[in-house]
Amino acid sequence: MKDRYLKRGNLMWEGSRMMLHEHTAALKKRAELQKRTPPPSLTSEDWALFGERLHTASFQGFEVELLFWEDGAVYSAVGVPVLSEKRIYIEGTELKPEQLIRVTYA
């Protein structure tokens, strides 16, 4: 009978595993950081195409879909862009040109 308890291993503690709130928060934060995407790296051809599409959409009143990068995540906005000196405004969102990933006509 004594051998039976020795062969059990660590089964006594298997069902009552506990994690502190700090540990689960740290694990969630780590998983979130791993999901983050790096900032886009675009060529000069991409920038030229973005500029052409944004100017056309702004002056003609076309809707465009913008994919943009912000704080490690990729977001989307659809609407008619309003261009200022170094900013792009679309549907209440203020963007810098460096944040753009893709510009397509909607």
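Values quoted throughout were computed directly from the atomic coordinates according to the rules given, and no laboratory measurement underlies them. Since the model is a prediction, treat every value here as computed from it, not as a measurement. Reconstructed Cβ throughout: ideal geometry from the backbone, glycine too, with neighbour counts over all protein chains shown.
Counting only Cα atoms, I'd like the Rg/Rh figure for the range 45-106, Kirkwood definition for Rh.
Rg/Rh for the range 45-106 comes to 0.92.
Quick query: amide H of V80 versus all other amide H atoms, modeled in the peptide plane; which residues come in under 5 Å with a sequence gap of 5 or more or a different chain?
Those lying under 5 Å, H to H, from V80 are V64, E91.
How would you rank 65-76, 39-50, highest first, on the average number of other Cβ atoms within 10 Å across their residues?
Descending mean neighbour count gives 65-76, 39-50.
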